[in-house]
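Quick notes on the structure that follows.
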Amino acid sequence: MAEEVKPPVSFIEQIIIDDIEAGKNGGRIHTRFPPEPNGYLHIGHAKAICLDFGMAQKYGGKCNLRFDDTNPVKEDVEYIDSIKEDIKWLGFDWEDREYYASDYFGKLYDFAVDLIKRGLAYIDDQPADIISSQKGTPSQPGIESPYRNRSVSESLSLFERMNKGEFDEGSRVLRAKIDMTSPNMQMRDPIIYRIIKSAHHRTGEIWKVYPMYDFAHGQSDYFEGITHSLCTLEFEVHRPLYDWLVDQLKTNDYRPRQIEFNRLNLTYTMMSKRKLLELVQESKVSGWDDPRMPTLCGLRRRGYTPGSIRKFVDLIGYTKVEAINDVSLLEHAVREDLNICAPRVFAVLNPLKVIITNYPEGKTENVELINNPEDESMGKREIPFSREVFIEQDDFMENPPHKFFRLAPGMEVRLKGAYIVKCTGYKKDESGDIIEIYCNYDPTTKSGESGSERKVKGTLHWVSAPHAVDAEVRLYDRLFNHDDPAGQKDDDYRSFLNPGSLKILKHCKVEPSLVSASPLDKFQFQRLGYFCVDYDSTKEHLVFNRTVSLKDTWAKIHK
RNA sequence: UGACCCAUGGUGUAAUUGGCAACACGUCGGAUUUUGGUUCCGCAGAGUCCUGGUUCGAGCCCAGGUGGGUCAACCA
């Protein structure tokens with residue numbers, strides 16, 4: 001019937017398809033994901049991971065994991081495990097191809113020596129500020145260093161002595177000899193090696209000189225046989241340098257190609273590693289895995305599924321436009337995923353006691369409930385029902401507005417899975433707060449039995465009071481109340497922190513089946529939202545995190 | 001006195017490469033529903049940043065503007 005609509009491919013995927021057809025690099029597809037081990041992965045990295053691993057997977061290629069560890073002062077082993085865990089969690093596998101830029105320090109050093117010998121690199125003895133001032137500005141050409149034309153043998157011996165530790169950090173650098181008048185600043189004799197005397201997490205004290213990013217990345221791609229080196233837009237101006245270096249290195253037809261795509265930006269979210277670190281250090285959040293953080297460990301703790309993140313990334317696509325994606329699309333992706341896989345349970349966040357006055361005292365009966373109407377194979381369960389139940393405070397109003405399909409004096413509702421009840425009265429305390437509701441139930445209306453056909457407007461979730469289990473529920477909302485918290489020149493992002501981003505509810509009542517739940521288990525609290533068990537949770541003290549609320553048409557109408 | 005990149009409904013992407021601007025999310029209606037969820041149906045919403053040019057025909061090609069972004073770390 002329906003026309004076969006071929007799913008659109010991104011411009012990058014189109015290039016890959018074309019390259020395969022043209023037989024470029026022997027028709028091979030080989031990508032890499034190159035994180036720097038200096039922080040935790042966030043959802044922006046997930047976008048890159050899905051592309052790097054996804055393209056390899058789809059086109060019968062491979063994707064390497066390569067830690068870009070060229071700067072020992074900023075990087076640490078501590079991050080390596082978390083990065084690997086997050087990639088696996090997302091559902092990708094680098095098999096045995098776990099590499100480090102530091103694996104290539106020897107080859108890189110040799111290549112640098114080779115460039116010096118070919119007159120394409122030289123040692124500059126000037127300090128950083130002088131080199132910087134000679135670089136010119138984007139609109140003015142730079143001027144050449146007085147050391148630019150020193151002899152090959154002098155550069156060679158200085159480079160060797162730099163690596164032996166004979167000189168102080170910052171006293172000399174190795175520069176590629178390209179073009180100080182290039183309109184592209186990256187080509188104005190870029191620094192390719194600098195002296196660093198800190199120990200490296202993998203190579204220890206062996207090296208005293210370390211390659212810069214530009215001198216490591218493209219060559220590492222080349223050494224690994226990468227065909228498509230995918231990175232974000234800000235590296236676009238580095239591409240001529242990437243190509244220049246590959247040109248000096250290549251010996252046959254093979255060459256890696258750098259292609260840039262747009263970074264992920266999300267509304268009400270901040271993606272800068274540095275600022276996220278500040279939030280952690282200033283205790284604005286509980287840590288890198290605070291459920292409000294856009295880190296993968298934060299999203300995981302919040303209850304996001306790997307599938308929902310992949311789905312989201314798939315939805316937003318890859319282009320060269322600097323876009324800001326709406327978080328509501330991410331939320332849509334989790335709801336869609338969780339709707340299929342999360343079992344439904346009853347939990348009352350703000351309990352209000354209902355006494356069913358005509359129900360026998362001391363009686364308990366079990367009622368049967370479907371675990372997930374979207375998936376029959378998830379089966380059924382029984383929960384206890386009795387004379388006293390808790391309902392949500394929001395589900396009762398003394399003076400209800402039009403179209404309020406819940407409980408109010410004289411009104412009838414169904415307690416889902418159990419009986420239809422009618423409100424006969426209520427009690428207030430001295431301060432006027434409603435503390436108890438009285439109802440009559442209709443014994444002929446039990447779910448599944450003949451009298452249950454009768455329709456009522458509203459259906460409420462509930463928990464039997466004597467059987468209820470206490471739980472703590474953490475309600476999370478967006479961390480910032482500005483849709484672009486980091487993009488405001490005149491205001492610090494901290495001024496946009498949402499004071500209501502975390503509300504802790506201590507005395508929630510949940511159905512007894514939940515005591516056996518373990519951390520990261522996901523549920524739909526019926527009529528409320530999706531929740532998952534927090535790491536802090538124990539059998540004695542249950543803790544749930546709200547992943548995302550259900551869509552709430554009533555709240556919207558009523559706003 | 002620069003170079004490079006980008007510009008399509010509110011948002012994100014498409015458009016068989018020059019042939020009636022489509023999809024998703026969101027919004028707004030309606031149906032179904034023992035979740036005000038889900039599902040289903042439907043409406044509204046852009047004539048493709050501007051000005052010219054080429055062409056029978058331009059979102060797509062060309063020229064010139066405008067607007068936005070990136071580049072001046074011994075960071076990646």
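The values are calculated or read from the model by the stated rules, or taken from the named source; none is laboratory data. The model shown is predicted, which means the values in this text are computed figures rather than measured ones. Cβ: placed from backbone, ideal geometry, glycine included. Neighbour counts: every protein chain shown.
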Check whether at least one residue in the stretch A:97-107 is in contact with a Phe, Trp or Tyr (Cβ under 9 Å, 6 or more places away or on another chain), under 25 Å from residue A:168 (Cβ atoms), touching a residue at least 12 places away in the same chain (Cβ under 8 Å) and outside any helix (DSSP H, G or I), and report yes or no.
-> no
Out of all the residues in the stretch A:30-39, which are buried (at least 22 other Cβ atoms within 10 Å of the Cβ) and away from RNA strand B (no atom under 13 Å from the Cβ)?
-> A:31
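Listed here are the residues, each with its yes/no results for (1) touching a strand residue (DSSP E or B) at 6+ places or on another chain (Cβ under 6 Å); (2) buried (at least 18 other Cβ atoms within 10 Å of the Cβ).
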{"residue": "A:479", "(1), (2)": "no, yes"}
{"residue": "A:499", "(1), (2)": "no, no"}
{"residue": "A:511", "(1), (2)": "yes, yes"}
{"residue": "A:516", "(1), (2)": "no, no"}
{"residue": "A:547", "(1), (2)": "yes, yes"}
{"residue": "A:555", "(1), (2)": "no, no"}
Select from the stretch A:252-270 the residues that are away from RNA strand B (no atom under 13 Å from the Cβ) and part of a loop (DSSP other than H, G, I, E, B) and write down the one among them that is surrounded by the most Cβ atoms within 10 Å (Cβ to Cβ).
-> A:256
Starting from residues that are without any contact (Cβ under 8 Å) to a residue 24 or more places away in the chain and within 24 Å of the chain's Cα centre (by Cα), keep the ones in the stretch A:513-535 and report whichever is nearest to RNA strand B (Cβ to nearest atom).
-> A:529
Kindly indicate whether any position in the stretch A:43-54 is more than 23 Å from the chain's Cα centre (by Cα), at pLDDT 95 or above and either acidic (Asp, Glu) or within 13 Å of RNA strand B (Cβ to nearest atom) (or both).
-> no
Are any residues in the stretch A:171-189 more than 8 Å from RNA strand B (Cβ to nearest atom), assigned to a loop (DSSP other than H, G, I, E, B) and closer than 14 Å to residue A:123 by Cα, and if so, which ones?
-> A:177, A:178, A:189
Could you run through the stretch A:219-244 and say how many residues are within 11 Å of RNA strand B (Cβ to nearest atom), assigned to a helix (DSSP H, G or I) and of a type outside the set (Gly, Ala, Ser)?
-> 9
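Rundown of residues vs (1) part of a loop (DSSP other than H, G, I, E, B); (2) within 11 Å of RNA strand B (Cβ to nearest atom), yes/no style:
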| residue | (1), (2) |
| --- | --- |
| A:116 | no, no |
| A:119 | yes, no |
| A:132 | no, yes |
| A:144 | yes, no |
| A:148 | yes, no |
| A:157 | no, no |
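Here's the yes/no breakdown for (1) more than 23 Å from residue A:133 (Cα to Cα); (2) at pLDDT 95 or above; (3) crowded, with 23+ Cβ neighbours inside 10 Å; (4) in contact with an Asp or Glu (Cβ under 8 Å, 6 or more places away or on another chain):
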residue	(1), (2), (3), (4)
A:197	yes, yes, no, yes
A:207	yes, yes, no, no
A:221	yes, yes, yes, no
A:242	yes, yes, no, yes
A:249	yes, yes, no, no
Looking only at residues in the stretch A:203-218 that are hydroxyl-bearing (Ser, Thr, Tyr) and over 29 Å from the mean Cα position of the chain (by Cα), which one is farthest from RNA strand B (Cβ to nearest atom)?
-> A:203
Of the listed residues (A:556, A:506), the one being more than 24 Å from the chain's Cα centre (by Cα), without any contact (Cβ under 8 Å) to a residue 40 or more places away in the chain and either on the phi > 0 side of the Ramachandran plot or not in a strand (DSSP E or B) (or both) is A:556
When you go through (1) out of contact with any strand residue (DSSP E or B) (no Cβ under 6 Å at 6 or more places or on another chain); (2) modelled with pLDDT of 95 or more; (3) surrounded by fewer than 19 Cβ atoms within 10 Å (Cβ to Cβ) one by one for residue A:401, which number turns out not to apply?
-> (2)
Of all the residues that make up the stretch A:414-462, how many are aliphatic (A, V, I, L, M) and either assigned to a helix (DSSP H, G or I) or within 9 Å of RNA strand B (Cβ to nearest atom) (or both)?
-> 5
Is at least one residue of the stretch A:433-448 without any contact (Cβ under 8 Å) to a residue 60 or more places away in the chain and touching a Ser or Thr at 6+ places or on another chain (Cβ under 6 Å)?
-> yes
Cβ-Cβ under 7 Å pairs, at least 6 apart or on other chains, the stretch A:183-194 side under 21 Å from residue A:209 (Cβ atoms) and hydrophobic (A, V, I, L, M, F, W, C), far side near RNA strand B (Cβ under 6 Å from one of its atoms) and at pLDDT 95 or above = A:191/A:173; A:191/A:212; A:192/A:212
Limited to the stretch A:367-397, what total is found for residues that are touching a residue at least 12 places away in the same chain (Cβ under 8 Å) and in a helix (DSSP H, G or I)?
-> 4
